[in-house]
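Throughout, read-outs are computed from the coordinates displayed, never taken from laboratory work. The structure presented is a predicted model; accordingly, all values stated were derived computationally and were not measured. Heads up, the Cβs are rebuilt from the backbone with ideal geometry, glycines too, and the neighbour counts pull from every protein chain shown.
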Amino acid sequence: MERHIEKFLRYLEIERNASAHTILNYKLDLNVFGAFLKDVPVEDVGYLLVRKFLAHLKEQNLSARSIGRKLSSVRSFFKFLVRDGYLKTNPTDAISSPKLEKSLPKFLTEEDVTRLIEAPAVDTLKGLRDRAILETLYSTGMRISELVSLKEDNIDFIGGTLKVYGKGKKERMLPVGDRALRAIRTYLKEQNVKSETVFLNKNKKSLGARGIRKMLDGYIHQISLSNHISPHTLRHSFATHLLNRGADLRSVQELLGHANLSTTQIYTHLTTEKLKSVYEKAHPRA
């Protein structure tokens, strides 16, 4: 089992160009599956054994989302083994993924976004950095993983764009607002340290996702916002505010780097109240 998993992970890295984060998740999921199988050879795994694995996960009180992800990893693993000619059939083909409850992403009002962005005190290097991070996240809608790997060479201060590498290491260009660019430029001037990435921690090393989460928690507490806000909330707010102000869904899809339009469509549910407001003001018999 371990030999097949390692081969599959190499395939993900080399042929699928998967990120390190994605490969790690596959490895963790498949290790759980391998531990469940114990000494059962891969070629002896059938439909019923996979069903028993899912039942085992449910007994561990895992959420439907977690079970679905592990099933997806196992399904991809067996699909690879069939493609590689090691197996003739995929034992997961007839197994349906667990149904997930669709939860709408949380977002901030435009007023709350402004309060959050303006929370850092800009008379310190840390405050300048934090303002630049918040401005950039909201201005571009980029993922946290894209922000922490952002390099100065990938920012076009004159053209008002920056280059990021999203899921699957796919490159895309994003427009970035003047306020975010000014904040980044001011921070870099004060930082005055040559480094591989733009945003650094107090030790002059690349700031990680955990550091951004901790930073955000501090400002959320400072301005008394809901504790259920994550760095991803600014991405959700970015998309929602664009749609509220008339942006088309296809453009928002491109900006967010979504492979499928269906992923972006969830944001249309968040704009219902805005549409109702427009309707009530504009329709003569509303």
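The figures follow:
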{"read-out": "Contour minus Cα-Cα distance for L28 and E152 (0.36 nm per residue)", "value": "41.3 nm"}
{"read-out": "Inter-part distance where region 224-265 and region 96-173 are each reduced to a Cα centre, Å", "value": "11 Å"}
{"read-out": "Mean ellipticity per residue at 222 nm, deg cm²/dmol - from DSSP H runs of n ≥ 4 across the chain, formula -39500 (n - 2.57)", "value": "-17000 deg cm²/dmol"}
{"read-out": "FRET efficiency estimate (nearest 0.05) - Cβ-Cβ, S226 to N17, R0 41 angstrom", "value": "0.65"}
{"read-out": "E280 paired with R3, simple spin-label distance in nm, labels 7 Å along Cα-to-beta-carbon", "value": "6.8 nm"}
{"read-out": "Span-like helix ranges in the chain, DSSP H, alpha carbon extent 24 angstrom or more, Kyte mean at least -0.5", "value": "20-37, 64-83"}
{"read-out": "Under 13 Å, Cβ to Cβ, from I220 - net charge with Lys/Arg +1 and Asp/Glu -1", "value": "+1"}
{"read-out": "Cα-based reach from K189 at 15 Å (exclusive), listing aspartates and glutamates while leaving out same-chain residues under 8 positions away", "value": "D123, D130, E152, D153"}
{"read-out": "Segment R182-R51, extension gain: residue separation times 0.36 nm, minus the distance between their alpha carbons", "value": "41.7 nm"}
{"read-out": "Label-point separation, F36 to T114 (7 Å along Cα→Cβ), nm", "value": "5.1 nm"}
{"read-out": "FRET efficiency estimate (nearest 0.05) - Cβ-Cβ, K167 to N203, R0 30 angstrom", "value": "0.55"}
{"read-out": "Relative exposure of S96, S145, judged by other C-beta atoms within 10 Å (fewest first)", "value": "S96, S145"}
